[in-house]
Amino acid sequence: MTSPLRIGVLGAGVMGAGIAQTLATSGHRAVCTDVSAEALEQGRREAVEGRFGIESAVGRGRLSREQADAAIARLEFTESFEEAAASDLVVECVPEKLDLKMQVFRELDRAAPEHAILASNSSGLPITALAQATGRPARVIGWHWASPAPVMRLAEIVVTPETDPEVRQAVCELAAGCGKNPIVVNDNPMAWGYVANRVYSAMIREANRVIKEGVATQEDVNQLMVDCFRWPTGPFGMVKGASGGWKK
Ligand SMILES: NC(=O)c1ccc[n+]([C@@H]2O[C@H](COP(=O)([O-])OP(=O)(O)OC[C@H]3O[C@@H](n4cnc5c(N)ncnc54)[C@H](O)[C@@H]3O)[C@@H](O)[C@H]2O)c1
C-alpha cells in the first residue's frame, strides 16, 4: 500500500476520535463515522481541542501551526457509514460486543472496496470470528491501540492463521509511521484480551483481592504501583481513564 492512505474509522468515542486524530496528524486522510451525531461532535471536539488534541499538541510545541491546520483539513467526521467504508483501510472502534462487531464487519465487507484491510481495535474479542463474518478473512486483522491513542505507543497487531502476511506487514508499517511500536501476536479465540489485556486483567483481579482482604485502600494500591513501577497512574486510575477518557 502506498502512503498516504484514506482510512475509515468506525465509532467516534474515546478510541475512535483519538485514532482518527493520530492517523490525520500522521499524514493520512481520516474519515470517522458514528451512529450518534452527538458522539461525532464530541469526538471532533476531543480530536481538535481536547487534552490530547491537535491544538494542545501545538501548545506543547509538538506540531507547528501549519502541520496542525493540515491535519485538521485531513480529518473528517461524517454521519455517512458508506463514506468511511470507502477507504483503503478501516479501523473499527465500536463498543466491545461480539454480535455488534460481527454485524459491522459484515456491513464493512459489503461496502468497502475489495482491496481494503478491515482492522478491529477490539480490546480482546476473537479476530477469527470477525474475519469469518466477512468474505475476505485474509484481509482482516486486529490493531489494538491504547488510550489516549495519540500518546500511547501500543500497537498490538493480532493475526489469525488466515491473515495475509502482506496485510500484517502493511499494518505494522502504518502503525510505525504513526509513531507506534507494532508487536504481532496470535489470536486465541478461547481467551479474551490478546496479551496486553490478559495481563492487565490479572493485575486488576489481584488489586481487587488486596482491597477485599483489607490489606490496603484503593488510593494506596494506586500510589504503591505508581511508586514501585513508575506507572503514570495506578490500576484503578487506568480503569477510570479507559472507560471515561483522560479529562484534565
Ligand atoms: N477505552 C479504552 O481505553 C480502549 C482501549 C483500547 C481498545 N478499546 C476498544 O475500542 C472499542 C471502542 O471503545 P471506546 O472506549 O472508544 O468506546 P466508546 O463507547 O467511547 O465509543 C464507541 C462509539 O461507537 C459508536 N457506535 C456504536 N455502534 C456503532 C456502529 N454500528 N457504527 C459506528 N459507530 C457505532 C457509539 O455511538 C460510540 O460513540 C471497544 O472495542 C473497546 O474495547 C478501548
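We did not get these values from a lab; they are worked out from the coordinates using the rules stated. Quantities reported herein were computed from a predicted structural model and do not represent experimental measurements. For neighbour counting, all protein chains shown are included, and Cβ atoms are generated from backbone atoms with ideal geometry for every residue, glycine included.
Peptides 156-162, 205-211, 230-236, ordered by how many other C-beta atoms sit within 10 Å of their residues on average, highest first, read 156-162, 230-236, 205-211. Once you have a ≥ b ≥ c as the square roots of the Cα gyration tensor eigenvalues for the range 164-234, tell me rounded if a/c is under 1.5, and otherwise prolate or oblate according to whether a/b is larger than b/c. Judged from the Cα gyration tensor, the range 164-234 comes out oblate (a/c at least 1.5, b/c at or above a/b). Since only I141, V94, L75 are under comparison, the one whose Cα sits farthest along the positive direction of the charge dipole of the range 69-149, derived from C-beta charges on Lys, Arg, Asp and Glu, is I141.
In whole percents, the pair-distance distribution calculated for the chain from its alpha-carbon pairs, binned every 10 Å from zero, is 8, 31, 35, 20, 6, 1.
Comparing P235, Y200, A216 along the charge dipole axis of the range 196-243, the residue lying farthest to the positive side is Y200, per the Cβ-charge model. Here the dipole of the range 28-143 is about 440 debye; that uses its Cα centre as origin and unit charges on the Cβ of Lys and Arg (positive) and Asp and Glu (negative). Convex hull volume of the C-alpha atoms in the range 196-243, normalised per residue: 74 Å³. For the chain, the Cβ-based charge dipole about the Cα centre amounts to some 600 debye (Lys, Arg positive; Asp, Glu negative; other atoms uncharged). Note on E79 and S243: the extension gain reaches 56.7 nm, defined as 0.36 nm multiplied by sequence separation minus the Cα-Cα distance.
Here the gap between V226 and A202, fully extended at 0.36 nm per residue and compared with their Cα-Cα distance, gives a gain of 6.9 nm. Using R0 = 25 Å, the C-beta based FRET efficiency linking R60 and R153 works out to 0.90. For the range 196-243, a simple Cβ point-charge model (Lys and Arg +1, Asp and Glu -1, everything else neutral) yields a dipole of about 240 debye relative to the Cα centre. Taking each full run of DSSP H in the chain as one helix, which ones are at least 20 Å long along their axis (Cα atoms) and have mean Kyte-Doolittle hydropathy of at least 0.5? Passing helices, by number: none. Ranked by the mean number of other Cβ atoms within 10 Å per residue, highest first, peptides 20-29, 175-184 order as 20-29, 175-184. Can you compute the FRET efficiency between R106 and N181 using 1/(1 + (r/R0)^6), with r the Cβ-Cβ distance and R0 = 41 Å? Round to the nearest 0.05. My answer for the efficiency is 0.80. In this label model, V35 and E114 are separated by 3.1 nm, measuring between points 7 Å along each Cα→Cβ vector.
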